[in-house]
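Take a look at this one; I'll ask things after.
The values are calculated or read from the model by the stated rules, or taken from the named source; none is laboratory data. Remember, it's a predicted structure, so these values are computed and weren't measured experimentally. Virtual Cβ from ideal backbone geometry, glycine too; neighbours counted across all protein chains shown. Ligands, DNA and RNA are stripped out before the accessible areas are found, and what is left, the full protein with its side chains, is counted by its heavy atoms. Shrake-Rupley method; radii C 1.70, N 1.55, O 1.52, S 1.80 Å.
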Amino acid sequence: MHNLKIIRKDFESFKKSLKKRLLDIDFNELLDLDEKNRNFIQKKETLEKEKKDISKSKDKALFAKSKEISSAIEKISKEQKIIKTNLDNILSNIPNIPHSDVPDGKNENDNIEINKSGQIPKFDFTPKSHYELGENLGMLDFDLATKTTGSRFVFVKNKLALLERALSNFMLDIHVLKNGYEEISPPLLASANTMFGTGQLPKFENDQFEVKLEDGTDRKFLIPTAEVILTNIVKDKILDIKFLPARFVASTPCFRKEAGSYGKDTKGMIRQHQFYKVEMVSIVEQEKCMDELERMTNCATGILELLELPYRKMILCSGDMGFSSEKTYDIEVWLPSENKYREISSCSSCSTFQAVRMKTRYKNQKKETLFAGTLNGSGLAIGRTLIAIMENYQQKDGSITVPKVLRPYMNNLEKISVN
RNA sequence: GGAGAGAUGGCUGAGCGGUUGAAAGCACCGGUCUUGAAAACCGGCAAAGGGGCAACUCUUUCCUGGGUUCGAAUCCCAGUCUCUCCGCCA
């Protein structure tokens with residue numbers, strides 16, 4: 001969420017900076033409401049002052065007047081509240097401003113490749129897709145999931161389930177032991193307010209699974225990513241600067257409706273309603289966001305390098321970035337069956353955008369109270385890493401070689417095969 | 001599901017109708033002392049919003065929303081959350 005105070009100061013450049021996002025926002029209404037709001041506040045404060053003085057004086061002759069003022073205040077407050085609600089509605093639906101590094105563009109076709117890494121494997125046979133491999137092995141079962149649950153779910157079985165679990169442990173170990181993240185095992189449900197904090201609500205309610213607990217209680221949602229719950233650890237806090245940078249990592253299931261992606265990636269487990277993901281979150285001093293983004297992205301690519309999977313790093317263009325992000329790198333892994341790179345991680349700096357929503361602040365050396373910077377990144381999406389390993393490490397006979405770094409996590413298993 | 005207790009500043013915790021934005025302690029910052037540090041002592045230290053070029057100033061905020069009152073952190077009502085005990089389940 002944006003700070004109106006700052007917007008007011010230089011409205012034209014605010015407008016201009018959001019142009020890259022290609023959205024139509026009614027800026028005039030925003031400005032108009034802001035002005036009205038401030039007028040009401042001023043009127044209200046004048047009356048409040050008058051009332052306060054009367055009650056301080058304890059002059060009985062003025063008591064009747066004080067009552068009159070009260071009803072006048074009430075009237076103005078009501079009007080002011082309506083204006084403020086409208087103002088907040090508009091404001092909470094405006095995305096973050098793209099950083100100056102971010103290239104202009106409409107959609108994913110305008111994203112720019114930063115670099116490539118790793119060797120694309122050469123096969124002396126036609127490589128199979130992960131779902132063919134998985135079904136042949138009897139270790140991926142989509143039909144069974146359809147029976148028990150519905151579409152876009154999968155049963156992962158046997159050695160592939162072990163591989164999935166190994167990936168989670170392996171990634172967590174690296175992030176905790178080498179990269180300095182604190183491991184968290186968080187709740188998988190988040191309150192509406194928490195979802196607002198990271199920007200999933202109000203605009204993207206359609207993508208979320210809502211869970212009904214008891215009537216009359218706060219609304220709850222299954223987390224679409226651990227980012228939501230990890231970032232909100234610092235909600236409503238004024239942090240001690242010694243606490244920064246704070247780095248959290250969690251491996252959790254994620255739940256997404258994938259509304260609007262009907263017909264996209266319907267085969268296989270690329271796009272599921274439920275998937276595991278290892279998520280990194282950093283809370284930093286606001287001017288350190290860019291450095292932290294590079295660091296975090298390196299943590300993500302580091303995993304791919306250890307797994308010896310070929311990937312490329314992309315910087316997302318303004319039109320393809322997420323709502324809360326100011327700058328995003330996508331890491332894409334090579335998938336032989338598709339003969340192209342697919343997203344396996346997304347690392348974003350959200351500048352102070354989420355902190356303003358969450359009311360997360362810290363005091364700097366000058367004792368100024370400032371909003372914190374927040375970042376999040378996948379390190380990595382487990383389901384897609386599983387796919388990438390299956391496809392890149394597949395053998396002619398349909399077996400899959402286990403990457404060396406994972407073997408200690410899999411009882412030294414070297415090959416996943418039918419037998 | 002049954003019975004109680006509570007929600008106050010970065011934290012702990014007083015206040016229970018009238019300069020209370022709120023005692024005290026801790027933490028933090030500055031200073032004195034010290035070769036340096038610790039201790040001790042002195043001083044400072046809430047946030048949000050409005051107005052002003054600024055110094056500054058005004059308003060709001062003691063869980064949330066209503067109510068009583070000239071006046072509420074303090075009284076009344078509703079809600080949310082937390083804790084304790086009993087029951088039930090993991």
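Quote the relative contact order of the range A:26-92 in percent (integer), defining contacts as alpha-carbon pairs under 8 Å separated by 6+ residues.
Values: 33 pairs, mean separation 34.4, N = 67.
Normalised by residue count, the contact order of the range A:26-92 is 51 percent.
Moving on to the next point. Under a GNM of chain A (C-alpha, springs under 10 Å), which listed residue has the highest mean-square fluctuation: A:149, A:401, A:297?
Result: A:149 has the largest fluctuation of those listed.
Now, a different point. Top mean-square fluctuation among A:114, A:97, A:25, Gaussian network model of chain A, C-alpha springs under 10 Å?
Of A:114, A:97, A:25, the Gaussian network model singles out A:114 as fluctuating most.
Given a Förster distance of 45 Å, report the FRET efficiency between residue A:50 and residue A:286 from their Cβ-Cβ distance, rounded to the nearest 0.05.
On the way: r = 40 Å, r/R0 = 0.89.
Computed FRET efficiency for residue A:50 and residue A:286: 0.65.
Then there is this: Determine, from the Cβ-Cβ distance of residue A:8 and residue A:158 and an R0 of 56 Å, the FRET efficiency 1/(1 + (r/R0)^6), rounded to the nearest 0.05. Please list the in-between numbers first.
On the way: r = 61 Å, r/R0 = 1.08.
The value I calculate is 0.40.
Could you work out how far apart the two model spin labels at residue A:259 and residue A:185 are, taking each label as a point 7 Å from the Cα in the direction of the beta carbon, and quote it in nm?
Label-label distance for residue A:259 and residue A:185, simple model: 3.3 nm.
With the Cα gyration tensor of the range A:252-389 giving a ≥ b ≥ c as the square roots of its eigenvalues, does the rule (a/c under 1.5 for rounded; else a/b larger than b/c for prolate; else oblate) give rounded, prolate or oblate? Working shown, then result.
Working: a/c = 2.40, a/b = 1.79, b/c = 1.34.
Note, shape of the range A:252-389 comes out prolate.
Can you give the Kirkwood hydrodynamic radius for the range A:344-405, in Å, rounded to one decimal and based on Cα pairs? All intermediate terms of the calculation are to be shown ahead of the outcome.
Numbers: mean 1/r = 0.0664 Å⁻¹.
Kirkwood radius, the range A:344-405: 15.1 Å.
So, R0 is 60 Å and r is the distance between the beta-carbons of residue A:419 and residue A:204; what FRET efficiency does that work out to, to 0.05? Before the final figure, lay out the partial values.
Numbers: r = 46 Å, r/R0 = 0.76.
Computed FRET efficiency for residue A:419 and residue A:204 comes out at 0.85.
Same structure, new question: Round to the nearest 10 and report in Å² the accessible area of residue A:289, as given by a 1.4 Å probe over the protein chains' heavy atoms.
0 Å²
Also, I was wondering about something else. What distance in nm separates the two pseudo spin-label positions at residue A:365 and residue A:143, each 7 Å out from Cα along the beta-carbon direction?
6.7 nm
Further, regarding this structure: For chain A, what is the relative contact order in percent, using Cα pairs closer than 8 Å and at least 6 residues apart in sequence? Provide the component values of the computation, followed by the final result.
Working: 768 pairs, mean separation 84.3, N = 419.
20 percent.
Which value in Å is the Kirkwood Rh of the range A:26-92 over different Cα pairs?
Numbers: mean 1/r = 0.0761 Å⁻¹.
Evaluated on the range A:26-92, it is 13.1 Å.
Step by step: find N for chain A, compute 2.2 N^0.38 Å, then divide the Cα radius of gyration by it. What's the final number? Working shown, then result.
Values: Rg = 25.7 Å, N = 419, 2.2 N^0.38 = 21.8 Å.
Chain A yields a ratio of 1.18.
Next question, about the same structure. Scan the range A:355-411 for trypsin sites (Lys or Arg not before Pro) in coil per DSSP, keeping those whose Cβ has at most 12 other Cβ atoms within 10 Å, and list them by number.
On the way: sites: A:357, A:359, A:361, A:363, A:366, A:367, A:384, A:396, A:404; in loops: A:359, A:366, A:367, A:396.
Passing both the DSSP loop test and the Cβ count: A:366, A:367, A:396.
Subtracting the Cα-Cα distance from 0.36 nm times the residue separation, let me have the gained length for residue A:124 to residue A:308 in nm, one decimal.
Numbers: separation 184, 0.36 × 184 = 66.24 nm, distance 1.96 nm.
Here the segment from residue A:124 to residue A:308 would lengthen by 64.3 nm.
Using a Gaussian network model on chain A with a 10 Å cutoff between Cα atoms, which of A:55, A:324, A:185 fluctuates the most?
Result: A:55 has the largest fluctuation of those listed.
Quick one: putting +1 on the C-beta of Lys and Arg, -1 on the C-beta of Asp and Glu, what dipole do you get for chain A around its Cα centre, in Debye to the nearest 20? If you can, show how the numbers build up before the last one.
Working: 66 positive and 60 negative charges, 280 e Å.
With only Lys, Arg, Asp and Glu charged at Cβ, the dipole is about 1340 debye.
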